[in-house]
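Accompanying notes for the structure given below.
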Amino acid sequence: MKKDRLWQEWHPVLKETELHEDPKQVHILGERVVLFRNEKGVHAFKDLCIHRGAALSLGKVKNGNIVCPYHAWEYNDEGICVKIPALPCERAIPQKAKATVYHCQVYAGLIWVNLSEQPLPLLNYPEYSREGYRTVICGPYKVSANAPRVIENFLDISHLMFVHGGLLGDEDHAEVQNYDVTFVDGRFITSEIPIYQPNPDGRSVGGYTDYVYEILNPTTARFTKSVEGSREEFIVLITVVQEADEQTKVFMLLTRNYDLDKPDEPFVEFQDLIFKQDLDVVESQKPELLPLDLQAEMHLKCDALTIAYRRWLDELGMETGTTPNYRTKREIVPS
Ligand code: FES
Ligand code: CO
């Protein structure tokens, strides 16, 4: 089974505040994963009991262990089975009785899981904990599309004037100035791109906004918006988990260094609206696998960022954000 780069990435699966005393099931690249919490922190296992394959997520947490709902085998947070109620007490628990443990950590308000034994480093989002900055998490939004289509839409500049006309762009200011894309410290970053925005963050203050985009990994990107002469910054980080083929869950972190005393809700509502505007278009895009062959679609100079993204995915040998046997499966489905 081919496992591409996505298997080594960290996947955002849940807001940290949404994991309580009961275990929760999430999906990553077609895998069923259970999350649970004990006094040591948050843990992620394959959501499968080795006894008879029941979903551990239907069970409960008892004394810091996760208990299978079917025959109550108990696994500690290292995945070792520590109790089998049906076993006569003189019999030792078989060593094979283990759950598959995944790497799991909490960062920037989200729970991240890595399915690989050789995880890549987790992304860095310094503004999340920077003094004078405040972050609110939006989503998760569900999208019937593969992760690279979702990320590419976030990186697409020339749709702002049409899909988000009156808010993030204006049809009469549709030209995109040339900009540079450079690869520094393992990530892509653009020069400042001025975009005329009637309403850049829901506060109805129109004018030119400078965008600096960054691609942090194949499923995470961000931009920083600022206005010349102002110290206000508005940062949006998008990070997605591909749950299954054409099924993606999206989190967006909105970070600002102004209006810190104002409520977050208007910012969230504004982002919900923007995301909704993108949804139909992204779900309509064909082919579902982002074409990495640059001859396959047409490109303009203003698409430099999305071209860089496609080239990078190609260099990384990605199957454009799919579960391992996706391409094979697609090939045998008659079109
Ligand atoms: Fe889990 Fe039997 S299937 S204890
Ligand atoms: Co959009």
Q. Which residue pairs have Cβ atoms closer than 7 Å, lie 6 or more positions apart in sequence or on different chains, and pair a first residue in the stretch 117-143 that is outside the structural domain of Val282 (by the TED database) with a second residue that is surrounded by 12 or more Cβ atoms within 10 Å (Cβ to Cβ) and acidic (Asp, Glu)?
A. Leu120/Glu9
Q: Looking only at the stretch 40-61, decide whether some residue is surrounded by fewer than 17 Cβ atoms within 10 Å (Cβ to Cβ) and within 28 Å of Val136 (Cα to Cα).
A: yes
Q. Out of curiosity, is Arg187 closer than 22 Å to Pro263 by Cβ, basic (Lys, Arg) and open to solvent by 30 Å² or more (accessible area, probe 1.4 Å)?
A. no
Q) Within the stretch 264-295, restricting attention to residues that are open to solvent by 60 Å² or more (accessible area, probe 1.4 Å) and of a type in the set (D, E, K, R), which residue is farthest from ligand 2 (Cβ to nearest atom)? A) Asp293
Q) Which of the residues that make up the stretch 278-300 are in contact with a Lys or Arg (Cβ under 7 Å, 6 or more places away or on another chain) and assigned to a helix (DSSP H, G or I)? A) Val282
(Q) For the stretch 121-135, check the following and say yes or no: at least one residue is modelled with pLDDT under 95, more than 21 Å from Gln271 (Cα to Cα), open to solvent by 20 Å² or more (accessible area, probe 1.4 Å) and of a type outside the set (Ser, Thr, Tyr). (A) no
Q. Would you call Leu29 on the phi > 0 side of the Ramachandran plot, at pLDDT below 95, open to solvent by less than 20 Å² (accessible area, probe 1.4 Å) and not aromatic (Phe, Trp, Tyr)?
A. yes
Q) If you go through the stretch 94-114, how many residues are of a type outside the set (S, T, N, Q), within 18 Å of Asn76 (Cβ to Cβ) and either surrounded by 15 or more Cβ atoms within 10 Å (Cβ to Cβ) or touching a residue at least 40 places away in the same chain (Cβ under 8 Å) (or both)? A) 8
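The values are calculated or read from the model by the stated rules, or taken from the named source; none is laboratory data. Everything quoted here is computed from the prediction, not taken from an experiment. Backbone-built Cβ (ideal geometry, glycine too); neighbour counts: all protein chains shown. We work out accessible area using only protein heavy atoms, side chains counted, and drop any ligands, DNA or RNA first. Shrake-Rupley method; radii C 1.70, N 1.55, O 1.52, S 1.80 Å.
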